[in-house]
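Working notes for the structure below.
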Amino acid sequence: MICPRCTAVLAAKERTGQVCSRCDRPFAMDPKIHGRGMHDLRIRRIAERATDRGRLKVTVTQLWYLSRTSNHVWEAKPARGIRPVVRWLVAAPLALLLLVVGNLTHGVPGAVGVTAAVAVVVAASVMRYTAASSAWWTIAPSESTFRQLMGSWRTAYEELPPGVVDDGPRAPAPRESLAGRPAAVILCTDHAVAVFLRGNGIPAKLKARLVEAAPAAAHEALVDVPDGLPVVVLHDADALGALLAPLLRLAHPDRVVVDAGLPVAAVRTRRSAVHRVSTASTVDAADLRSVADLSADDAEWLAQGHWSPLAAVPPPRLKSVVTAAVERALSARPAELRSTDGFLTWPAEVPADGPSRTKGAPAG
């Protein structure tokens, strides 16, 4: 690998302990130890692109999604075959019965009975059973591993990559400075995106009040918001997110509600998008079609627990969508907004040296 400090080409024995033997300075990641693509120069390039060359601040979560090297999704599978216990409870008595009959019967009928007993045992032995499996997903590196690597980065460089801010539970929340009465509300259901917006002062620039709340608590979060302020909803491409804006419009018919969340149609079939699976989804596909006005394929995808995070959208693209959505909300009337309001074309592509995504069955 190339030393991120002195650009010397280092063999494995020349970088023991993540210290360059040429310049004697530490670095954070070694691809031989931390996995393919996990080296300082690549992470630095991705961070530079994500921050728009220093114009934006991005969160560790956003950098993790952009730095991923793979994203695999395995679909749920039903059980196949007959359980071994059930199989042998049937096969063993039947084979024994046929064997006894064959031994007590002379001639061809006896031979047939013995042969049938052997056939039953052989058939029960060669049958295979595959247990049902739930849908699951992986991202490499995992979020916990990537945060540990960012800890190593801090140790090596005394700070995170330029423009990257910590959005962990112990990180201090960015301060907001909105002067005067807000003109709009940004309702954000993703913590990493909320930290991104606050860190870049986007709500203040748009004269908007940022409200962070889970989808299930979104209605209560708007109780203290002055009547008449338009609401821009930011959410993941998931079942609850798809229902959020339509339900808010029903609860607040006199309020402008712009759905600027990540559209399912933009990520469901996009291989470069981050795909995850939740086993907690209980939303019916029919409800998603009728309430959220989704296509049958999109609704079924969400009902099966699939989802894609808003925080995985490239930050410059995310900023432009939020800005356009607030401007749209300020100029719209409540009756004009009933869908995703023209944001079906996003997100933009991920970095060229970023992730790959494949589907398949787990090995073994």
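Among (1) modelled with pLDDT under 75; (2) within 30 Å of T130 (Cα to Cα), which single condition is A335 missing?
Every condition holds for A335 apart from (2).
For region 172-186, does any single residue satisfy the condition of being surrounded by 15 or more Cβ atoms within 10 Å (Cβ to Cβ) and under 19 Å from the mean Cα position of the chain (by Cα)?
no
Regarding E327, is this residue assigned to a helix (DSSP H, G or I) and out of contact with any helix residue (DSSP H, G or I) (no Cβ under 9 Å at 6 or more places or on another chain)?
Numbers: assigned to a helix (DSSP H, G or I): yes; out of contact with any helix residue (DSSP H, G or I) (no Cβ under 9 Å at 6 or more places or on another chain): yes.
Yes: the conditions hold for E327.
Take residues that are among the acidic types (D, E), in the same structural domain as G180 (by TED's automatic domain parsing) and buried (at least 16 other Cβ atoms within 10 Å of the Cβ) and tell me which of the strands (runs of 3 or more DSSP E) falling wholly in region 193-298 contain 2 or more.
Values: elements: 208-212, 231-234, 257-259.
In region 193-298, there are no strands (runs of 3 or more DSSP E) which contain 2 or more residues that are among the acidic types (D, E), in the same structural domain as G180 (by TED's automatic domain parsing) and buried (at least 16 other Cβ atoms within 10 Å of the Cβ).
Only residues that are surrounded by 14 or more Cβ atoms within 10 Å (Cβ to Cβ) and either in a helix (DSSP H, G or I) or in contact with a Lys or Arg (Cβ under 9 Å, 6 or more places away or on another chain) (or both): list them for region 98-107, please. Break it down stepwise before answering.
Filtering region 98-107 for residues surrounded by 14 or more Cβ atoms within 10 Å (Cβ to Cβ) gives 98-99, 101-102, 105.
Residues satisfying the conditions are L98, L99, V101, G102.
Of G163, G110, which residue is surrounded by 13 or more Cβ atoms within 10 Å (Cβ to Cβ), modelled with pLDDT of 95 or more and more than 30 Å from Q304 (Cβ to Cβ)? If you could, list the steps in order and put the result at the bottom.
Numbers: G110 fails: modelled with pLDDT of 95 or more.
None of the other options fit; the residue is G163.
So S133 clears everything in (1) surrounded by 14 or more Cβ atoms within 10 Å (Cβ to Cβ); (2) at pLDDT below 85; (3) out of contact with any Lys or Arg (no Cβ under 8 Å at 6 or more places or on another chain) except one condition, right? Which one?
Of the numbered conditions (1) surrounded by 14 or more Cβ atoms within 10 Å (Cβ to Cβ); (2) at pLDDT below 85; (3) out of contact with any Lys or Arg (no Cβ under 8 Å at 6 or more places or on another chain), the odd one out for S133 is (3).
For R154, state whether it is under 44 Å from the mean Cα position of the chain (by Cα), part of a helix (DSSP H, G or I) and either among the charged types (D, E, K, R) or in the same structural domain as P315 (by TED's automatic domain parsing) (or both).
Values: under 44 Å from the mean Cα position of the chain (by Cα): yes; part of a helix (DSSP H, G or I): yes; either among the charged types (D, E, K, R) or in the same structural domain as P315 (by TED's automatic domain parsing) (or both): yes.
Yes: the conditions hold for R154.
Show me the helices (runs of 4 or more DSSP H) entirely contained within region 1-97 in which 2 or more residues are surrounded by 16 or more Cβ atoms within 10 Å (Cβ to Cβ). Working first, answer last.
Working: elements: 31-34, 40-50, 60-67.
In region 1-97, 40-50, 60-67 are the helices (runs of 4 or more DSSP H) which contain 2 or more residues that are surrounded by 16 or more Cβ atoms within 10 Å (Cβ to Cβ).
Any idea which of (1) modelled with pLDDT of 95 or more; (2) farther than 21 Å from V195 by Cα is the one D236 doesn't satisfy?
Only one criterion is unmet by D236, namely (2).
Among the residues in region 174-193, are any over 30 Å from R25 (Cβ atoms), of a type outside the set (S, T, Y), modelled with pLDDT under 95 and touching a strand residue (DSSP E or B) at 6+ places or on another chain (Cβ under 6 Å)?
The answer is yes; a qualifying residue exists.
The values are calculated or read from the model by the stated rules, or taken from the named source; none is laboratory data. What you see is a predicted model, and the numbers here were worked out from it, not measured in a lab. Note that each Cβ is placed from the backbone with ideal geometry, even for glycine, and that neighbours are counted across all protein chains shown.
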